[in-house]
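**Q** My structure is below; once you've seen it, I'll send some questions.
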Amino acid sequence: MPKSKEKEYEISADNVKAIVRIYSKKEDYVPTYELIRPIIKEATSAVLNSIREKLIRSIGISGREILDPKVIEDIRERSLKEADKLIAEHMPHISKEKRDILAGQLVHEMFGLGDIELLLKDDDLEEIVINNSEEPVWVYHKEYGWLKTNIKLKSEGEIYNYASMIGRRIGRQITNLNPLMDAHLTTGDRVNATLFPISTQGNTITIRKFARNPWTIVHLIDPEIKTLSPEVAALLWLSIEYELNVIIAGGTASGKTSLLNALTPFMPPTQRIISIEDTRELQLPEFLHWVPMTTREPNPEGKGEVSMLELMVNSLRMRPDRIIVGEIRRQRQAEVLFEAMHTGHSVYSTLHANTADEVRRRMINPPISLPESMLEALHLTVVQFRHRRLGIRRTFEVAEFVPSMRPGGKSKVDVNVLYSWDPRKDVIERVRPNAKLRDISMRLVDEIRMHTGMSDKEFEDNIEEKKKILQWMLKQNIKTVNTVGKVIADYYRDKDYVLNLVKKNKTPKQIFEKKLLDEMRARGLIK
């Protein structure tokens, strides 16, 4: 449920600073997201229009450059410096601070999305939505849910221009003949746009923001977030360490990709990882042997498409140890994915399904329609759940897929739930809380014991060991992708060394080199 208390904080984009105020009005059912930003006066706006023309001439941008996402950031930097110089010439009486603000606003209008650029810099926002030019822009806030802003776009034409500009930069078009567009910004944020009359109230743009500082497994076990428990996290770590195949399921915006990304540091740095996505969302520790790949839509002539299926088939020729696929949608994708599992690759992916049993049903029924025998290669499914009313995300179920034979030699795969979320207590726990995992599991424990030779006690000790490491990282505020990844990589290289750090409760300043400490300081994790 959106919180009633007010909140205020500052955001900044290209030297343009703004204050965000979130508050509720009695007459409104939805809280307001007010962006208090510098307003340009009419006379100043006329001068800026004159400067805009000179700026375009002075920096000499070619049509090819402005459509190249690799150089657009460099163009913005050049433009900011040149705009500052031209503003100083035309308005010598204004302060340096005001000059920086005007330069930033000018660049936002020329190369960006105007006031939307400020919203893109708010790390608390997950979604930015333009429904038409008649109503305000909406945003989805991590803490408050849906909010109405005080920003309106001037016209349907302005919305179309923004959508068209976004599309051109990545080789897509949105026109009356092609009124639907999936695209992304140069920052990786996903964009969907539609044109009137397909969207009957006006042109729309929906931007799903790409996480700049992605959540790690340590965030997800934090009691303030409580997406999953340290025990479940430790079990998933053990499963990934020993190359079991995992599919993460859930509804829209339930945290499937976030959890998938949080699990990737558990992959050993000595193995090669290939990831395949429609839009780049995954962020792995920078020292992993990782090759990220993304699909490509056809150009306006219908040529040049690179599909997920083609990338999946190609990835099998790249000697991967681990394959990560953004999402399973089609039969052929699922077939290739499961063939990869059967040929010895470790595979991880996401799927839209609300329960572990629904994962099984979706796999064996249209449109995916896999033979049930193929599901034998899948070891675990983790189901994510988004509670819209409370604004929380939880791991709803952890289940194993158990092959069995029916009379007549028919292959069957059963779903055995190991952990489930209790909504009354708001905890995820073993389906039989007092039982050992060995007594609940019908496959997982045996599978890992087959690879390791662990006894029942060694299996439980290993889980406890990993829990302690995760809880130590939480206590020491070790939460970035690289720092979490380094602890896990050190564990694979020298387990006793990491366990000694945990036992002695060492701090990050005692174990990380300067680069990682600087990263933690920059994100406010340590002083």
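The values are calculated or read from the model by the stated rules, or taken from the named source; none is laboratory data. Computed from a prediction, not measured in an experiment: that's the story for all the values here. Backbone-built Cβ (ideal geometry, glycine too); neighbour counts: all protein chains shown.
**Q** State all residues of the stretch 175-206 that are under 25 Å from the mean Cα position of the chain (by Cα) and of a type in the set (A, V, I, L, M); if no residue qualifies, say none. Steps first, please.
**A** The initial filter retains those residues of the stretch 175-206 that are under 25 Å from the mean Cα position of the chain (by Cα), namely 180-194, 204-206.
The answer is LEU180, MET181, ALA183, LEU185, VAL191, ALA193, ILE205.
**Q** I've got another one for you. Pick from VAL107, VAL137: which is among the β-branched types (Val, Ile, Thr), closer than 28 Å to LYS81 by Cβ and surrounded by 18 or more Cβ atoms within 10 Å (Cβ to Cβ)?
**A** Just one listed residue meets the conditions, VAL107.
**Q** OK, next. Can you go through ARG389, ARG424, ARG432 and tell me which one is closer than 15 Å to GLU231 by Cα, assigned by TED's automatic domain parsing to the domain that holds GLU447 and not in a helix (DSSP H, G or I)?
**A** Selected residue: ARG432, the only one of ARG389, ARG424, ARG432 that is closer than 15 Å to GLU231 by Cα, assigned by TED's automatic domain parsing to the domain that holds GLU447 and not in a helix (DSSP H, G or I).
**Q** Could you check, for the stretch 153-167, whether at least one of its residues is outside any helix (DSSP H, G or I), under 24 Å from ILE19 (Cβ atoms), modelled with pLDDT of 90 or more and not β-branched (Val, Ile, Thr)?
**A** yes
**Q** Of the numbered conditions (1) farther than 20 Å from SER79 by Cβ; (2) touching a His at 6+ places or on another chain (Cβ under 8 Å), GLU127 fails exactly one; give the number of that condition.
**A** The one condition GLU127 does not meet is (2).
**Q** Another question about this same structure. Only residues in the stretch 270-283 that are in contact (Cβ under 8 Å) with a residue 24 or more places away in the chain count as the first member; pair them with residues that are of a type in the set (Lys, Arg) and surrounded by fewer than 19 Cβ atoms within 10 Å (Cβ to Cβ), Cβ under 7 angstrom, at least 6 apart or cross-chain, and list the lot.
**A** Matching pairs, first to second residue: ARG272/ARG319; THR279/ARG190.
**Q** Counting only residues that are at pLDDT 90 or above and of a type in the set (Asp, Glu), which one in the stretch 4-46 is farthest from GLY114 (Cα to Cα)?
**A** Checking each candidate, the answer is GLU8.
**Q** Also, I was wondering about something else. From the set of residues in the stretch 140-187 that are small (Gly, Ala, Ser) and crowded, with 16+ Cβ neighbours inside 10 Å, which is nearest to GLY114 (Cα to Cα)?
**A** Selected residue: ALA163.
**Q** Report yes if some residue within the stretch 270-279 is part of a loop (DSSP other than H, G, I, E, B), in contact with a Lys or Arg (Cβ under 7 Å, 6 or more places away or on another chain) and either among the aliphatic types (A, V, I, L, M) or within 30 Å of ARG168 (Cβ to Cβ) (or both); otherwise report no.
**A** Yes: one or more hits.
**Q** Further question on the same structure: So in the stretch 308-326, with the set limited to residues that are out of contact with any helix residue (DSSP H, G or I) (no Cβ under 9 Å at 6 or more places or on another chain) and either without any contact (Cβ under 8 Å) to a residue 24 or more places away in the chain or not assigned by TED's automatic domain parsing to the domain that holds LEU351 (or both), which one is surrounded by the fewest Cβ atoms within 10 Å (Cβ to Cβ)?
**A** ARG317
**Q** Of these, LEU311, LEU263, which one is in a helix (DSSP H, G or I), of a type outside the set (Gly, Ala, Ser) and modelled with pLDDT of 95 or more?
**A** Only one candidate passes the filter, namely LEU263.
**Q** Mind checking whether some residue in the stretch 349-363 is at pLDDT 95 or above and surrounded by fewer than 16 Cβ atoms within 10 Å (Cβ to Cβ)?
**A** Checked the stretch 349-363: at least one residue is at pLDDT 95 or above and surrounded by fewer than 16 Cβ atoms within 10 Å (Cβ to Cβ).
**Q** May I pose another question? Give LEU474, LEU444 a once-over and let me know the one that is buried (at least 16 other Cβ atoms within 10 Å of the Cβ) and more than 30 Å from ASN213 (Cβ to Cβ).
**A** One residue alone meets the criteria, LEU444.
**Q** Quick check: is even one residue across the stretch 221-236 assigned to a loop (DSSP other than H, G, I, E, B), among the aliphatic types (A, V, I, L, M), surrounded by fewer than 22 Cβ atoms within 10 Å (Cβ to Cβ) and at negative phi?
**A** Yes, the stretch 221-236 contains a residue that is assigned to a loop (DSSP other than H, G, I, E, B), among the aliphatic types (A, V, I, L, M), surrounded by fewer than 22 Cβ atoms within 10 Å (Cβ to Cβ) and at negative phi.
**Q** Same structure, new question: Whether any residue in the stretch 58-75 is at pLDDT below 80, in contact with a Lys or Arg (Cβ under 6 Å, 6 or more places away or on another chain) and either under 28 Å from VAL129 (Cβ atoms) or of a type in the set (Phe, Trp, Tyr) (or both) is what I want to check.
**A** For the stretch 58-75, residues at pLDDT below 80, in contact with a Lys or Arg (Cβ under 6 Å, 6 or more places away or on another chain) and either under 28 Å from VAL129 (Cβ atoms) or of a type in the set (Phe, Trp, Tyr) (or both): present.
Let's see how each residue does on (1) closer than 20 Å to GLU243 by Cα; (2) touching an Asp or Glu at 6+ places or on another chain (Cβ under 6 Å); (3) free of Cβ contacts under 8 Å to residues at least 12 places away in the same chain:
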{"position": "ILE328", "(1), (2), (3)": "yes, no, no"}
{"position": "ALA353", "(1), (2), (3)": "no, no, no"}
{"position": "ARG361", "(1), (2), (3)": "no, no, yes"}
{"position": "MET374", "(1), (2), (3)": "yes, no, no"}
